[in-house]
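Here is the structure we will look at.
The values are calculated or read from the model by the stated rules, or taken from the named source; none is laboratory data. Bear in mind the structure is a predicted one, so any value in this text is a computation, not a measurement. Positions of Cβ are backbone-derived with ideal geometry, glycine not excepted, and every protein chain shown enters the neighbour counts.
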Amino acid sequence: MAKAKGKAARPRPSRGAAGSRILGVGGLGVAAAAYVGVDYLRYVSPTWHERLQPALWAALALAAAARAPFYRHWSAELRAALPFLGSIAFMLGAFLCEAISVRFVSALMGLQWHRSAAPLPDTGQWLLLALNEKLPQSLVDLLRAHVITLHHYLMLFIMLGFSVLFDCIKAPGLGIATRYMFTMAIGRLLRLITFVATILPSARPWCAAARYQIPGHPHPWAQKYYVPYASDSDAIHRVIRDDVAYASVQSYPGEHRPNWGRMSFLVDILRPTPGEGPSWYHLLKKASGGCNDLMYSGHMLVAVLTAMAWTEAYGGWISVAIWLLVLHSAQREIRERHHYTVDCVVAIYVGILLWRMTRFIWSARDGSRSRRLAKLDEVQNRLIHAAKDSDIDEIRGLLKEVELAGQEKQGVSQRAILAFAAATIIFTLSCVLLAFTLTSDG
């Protein structure tokens, strides 16, 4: 009987806690590696890819749906909803400005300039070509392989955000998503300022002719301020000395000017042609990645922000693996001449610095722990006196205050929280499908 009393019954973990423990011991890293590996099967074994990819996505979706009812931090997610929606609006606005700027720099110099402008000398590209002659062919094939692309990084971040359901990262999940999108928007705005400031020739001279229907001649601004001084050293010296555009403009075809109503101010910026349709929005949908070199790489910015989010929020071997994939992506961008080496280098350190600067939005540091410690400092003297007086009830009350200080305040009804939880799950899954569809081509 005494033995039975002395041996306390072991509490059985809830279903939610069990699911949390399974993913918490590295299961999230295994799921991320499985996602990238299964998706790469499209190049190795398309048949197995068609079988395994739907099964993997279904398993991940079912795991998230099964865990959602046991999630304890929906009130924190609710408080993070407005900043989350604001960051989405900010990011979409940044993407719109970037699309307009991409079309502008692509059409500014005209199609003839794109065909004739020589790519800039890039020692990073030379180094990779030299390594192809020195390294084993198997390693070269690995470096050339399309192991991971843009949509993989987006999906890896979405998986990281959903892992908050399993307590793999600190709540709220919408908090880290807000930081990710806000940082992305800032990075995109800095990027468009950079590539609009100086027009750089593409490393792929045929790109503009294959992708766009832009005018063959330069924009009137370039006709006046660039073309007369593009190659004549005496003209360049004189315009520098006098600081005045003195040369006469040659005769060029007129600019096509469709009626875009209130958006007609974009005609001079986007330079439409008669064969591209009457809609300004139609031009922006075709802007894609542009056909100039856009300093710095947008693809690499996404990759670096994803790697930074994983490193701060989750860490471990999978974060190291993601950084290795970032480096693999960088050398592929350079090898395939989507970007110059400088674009990838700048994107890496800009992404790291921007993520560090936006820590005020969401941080992996546990705020509830700091609140508990602050409360403990506040009641420390009372706790010491209660201990001296052997007042067990007073000690329990003070410890209860400390525990409550670290807990989240509800502030809203349970019904509202459940409705918000359902809407959040549906919305985020819709975003996953859209991201997967719209970025699957890289």
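Observations, loosely collected:
- Within the set Gly19, Gly37, Gly86, the sole residue that is of a type outside the set (A, V, I, L, M, F, W, C), at pLDDT below 90 and either in a helix (DSSP H, G or I) or buried (at least 18 other Cβ atoms within 10 Å of the Cβ) (or both) turns out to be Gly19.
- Neighbours by Cβ (under 7 Å, 6+ apart or cross-chain): first from region 256-284, charged (D, E, K, R); second surrounded by fewer than 12 Cβ atoms within 10 Å (Cβ to Cβ): Glu276/His282
- Qualifying positions in region 64-80 - surrounded by 16 or more Cβ atoms within 10 Å (Cβ to Cβ) and of a type in the set (Gly, Ala, Ser): Ala64, Ala68, Ser75, Ala76, Ala80
- Scan region 263-281 for residues that are polar (S, T, N, Q) and part of a helix (DSSP H, G or I) and the total you get is 1.
- Some residue of region 289-303 being over 24 Å from the mean Cα position of the chain (by Cα), in a loop (DSSP other than H, G, I, E, B) and surrounded by fewer than 22 Cβ atoms within 10 Å (Cβ to Cβ): no
- Helices (runs of 4 or more DSSP H) enclosed by region 139-229 - at least 1 residues per element that are without any contact (Cβ under 8 Å) to a residue 24 or more places away in the chain: 173-197, 207-211, 220-225
- Number of the condition not met by Gly261 [criteria: (1) surrounded by 15 or more Cβ atoms within 10 Å (Cβ to Cβ); (2) within 36 Å of the chain's Cα centre (by Cα)]: (1)
- Entry remark, region 299-340: residues being of a type outside the set (A, V, I, L, M, F, W, C), out of contact with any Asp or Glu (no Cβ under 8 Å at 6 or more places or on another chain) and closer than 24 Å to Thr194 by Cβ number 8 in total.
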